[in-house]
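The values are calculated or read from the model by the stated rules, or taken from the named source; none is laboratory data. Computed from a prediction, not measured in an experiment: that's the story for all the values here. Note that each Cβ is placed from the backbone with ideal geometry, even for glycine, and that neighbours are counted across all protein chains shown.
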Amino acid sequence: MGKLAITGGKKAYQGKFPGWPVWDKKEEKALLEALHKTDWGGYPPPNTITKRFCAKFAKKHDSQYCFTNASGTVALMLALKALDIGWEDEVIVPALTFVATASCALYLDAIPVFVDVNPDTLCIDPDKIEAAITRKTKAIIPVHLGAHAAEMDKIMAIAKKHNIYVVEDCAHAHGMKYKGKSAGAYGDINCFSFQSSKVMTAGEGGACTTNEESYYDKLVALTNAGRKGPREGTKFDTFGWALRMTEFQSAILEVGLDRLFKVQMPTKQKNYKYFQKRIAGIPALNTLPDDKNITRKSGYGFIAMYDEGEFGVPRDKVVAALNAEGVPCFGAFYEPVYNVGIFPLAQDGSPLTLRQLRGKVDYRKFRGACPVSENVAYHETIWVLHRMFLGTEKQTALMCDAFEKVIENIAELKK
């Protein structure tokens, strides 16, 4: 297919990418509704449009309650706080995830404990959870990663056995169903993100879902500066933050929710099936196994798995070549959280930046203890974000052409 673009050839992917974020006159109309009603903020919560969106979002995710907030990171922190998790409590999280899955515990002076992932899903491995449970363990945060689901039935059984909470991190899983039940309906409290790149977006924002009214009431108070209900006055019932979502964000999300289910999820799945078939025919490449337990598919990133050993070329060189061919993709999109910037370690193994954990935890023990997470992060995964599968089959074919071209000419990357 010709010389690689990274060494001076022409790009394989010519033309426009699928548009992102997606919007049309429906968003314009919704924003004008919010504009004209002039009550733009999130107070009193939930405000008119936000209340309407929350009801629809909860129903779509098999939940009784939904409450919006400022971001996915905030949603995780609020969920732990609503469950009364704090000083020196331990929270089990997957090693391979976005940093917020762990930092939400650190914000509350709790201690994240890392568990390796399943190589078939890249989600937390349930068979390794119990070994990490101690008398201080108060919660598990499973993450639905990429386009795969954590094994929630097994995780919920472990949590029930040990009397600990479950907070689902659904930042990648809007609309997904696992064994007929929605992501965001399994855990005690469950968290979504509406950040710019996510499956649904309002630029920023987050939400928590739950089927427990008392948790919903706590989430409202924590998000609304400590006030329990939508009333005026200066009575602050508990400690809280002002982390409400605006009516403009909810207006965009209400339209986006409808589009996600009617148009975007079916389009992405059709294009991903095509991508899977093409990738399976390329040496050194494959995709993660299909999970038959996912009964309604969604996803934030689709992952090609690369075998460095077949050609002796590092994954990162392949990723650089793909980007040069015009395909935006990532290698270590996520890496084991204990290796990221907030975890430079003091001599005792505690994070240098977190004085409250000095002498309380030694994160050196995790390095090398999560081999699946470390291997896939640094050597195997090639992430293509969901927006690239919202276009036509021709656009998906151009991506596949780029993958084929790079592998066919991989000898150029050895120079």
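Results, tabulated for the structure shown:
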{"quantity": "Candidate set: segment 346-394, residues that are in a helix (DSSP H, G or I) and of a type in the set (F, W, Y); chosen: the one nearest to P112 (Cα to Cα)", "calculated": "Y363"}
{"quantity": "Residues within segment 348-376 that are at pLDDT below 90 and of a type in the set (A, V, I, L, M), tallied", "calculated": "4"}
{"quantity": "Members of segment 1-14 that are within 20 Å of P328 (Cβ to Cβ), more than 29 Å from the chain's Cα centre (by Cα) and in a loop (DSSP other than H, G, I, E, B)", "calculated": "M1, L4, G9, K10, K11, A12, Q14"}
{"quantity": "Neighbours by Cβ (under 9 Å, 6+ apart or cross-chain): first from segment 41-64, closer than 29 Å to T295 by Cα; second surrounded by fewer than 22 Cβ atoms within 10 Å (Cβ to Cβ) and of a type in the set (K, R)", "calculated": "D62/K177; D62/K181"}
{"quantity": "Residues located in segment 171-210, provided they are without any contact (Cβ under 8 Å) to a residue 60 or more places away in the chain and in contact with a strand residue (DSSP E or B) (Cβ under 7 Å, 6 or more places away or on another chain)", "calculated": "Y186, G187"}
{"quantity": "Selection within segment 246-268 - over 19 Å from the mean Cα position of the chain (by Cα) and either of a type outside the set (S, T, N, Q) or farther than 30 Å from I85 by Cβ (or both)", "calculated": "E247, F248, A251, I252, E254, V255, D258, R259, K262, V263, P266, T267"}
{"quantity": "Only listed residue being under 17 Å from E151 (Cα atoms), surrounded by fewer than 23 Cβ atoms within 10 Å (Cβ to Cβ) and under 23 Å from the mean Cα position of the chain (by Cα), chosen from G180, G203", "calculated": "G180"}
{"quantity": "Filtered residues of segment 331-347 (kept if at pLDDT below 80 and among the polar types (S, T, N, Q))", "calculated": "Q347"}
{"quantity": "Selection from segment 213-236 of residues that are touching a strand residue (DSSP E or B) at 6+ places or on another chain (Cβ under 8 Å), surrounded by fewer than 24 Cβ atoms within 10 Å (Cβ to Cβ) and either at pLDDT 95 or above or aromatic (F, W, Y) (or both)", "calculated": "E213, Y215, Y216"}
{"quantity": "Selection count where residues are surrounded by fewer than 18 Cβ atoms within 10 Å (Cβ to Cβ), of a type in the set (A, V, I, L, M, F, W, C) and assigned to a loop (DSSP other than H, G, I, E, B), scope segment 325-345", "calculated": "3"}
{"quantity": "Unique match (being without any contact (Cβ under 8 Å) to a residue 12 or more places away in the chain and either surrounded by 16 or more Cβ atoms within 10 Å (Cβ to Cβ) or in contact with a strand residue (DSSP E or B) (Cβ under 8 Å, 6 or more places away or on another chain) (or both)) among L322, L352", "calculated": "L352"}
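To keep it simple, each residue is scored yes or no on (1) outside the structural domain of K317 (by TED's automatic domain parsing); (2) touching a helix residue (DSSP H, G or I) at 6+ places or on another chain (Cβ under 9 Å).
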residue: K11; (1), (2): no, yes
residue: T38; (1), (2): yes, no
residue: F57; (1), (2): yes, yes
residue: K60; (1), (2): yes, yes
residue: C66; (1), (2): yes, yes
residue: V91; (1), (2): yes, yes
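Yes or no, residue by residue, for (1) among the aliphatic types (A, V, I, L, M); (2) out of contact with any helix residue (DSSP H, G or I) (no Cβ under 9 Å at 6 or more places or on another chain):
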residue: A225; (1), (2): yes, yes
residue: L257; (1), (2): yes, no
residue: I279; (1), (2): yes, no
residue: A284; (1), (2): yes, no
residue: I303; (1), (2): yes, no
residue: Y306; (1), (2): no, no
residue: G312; (1), (2): no, no
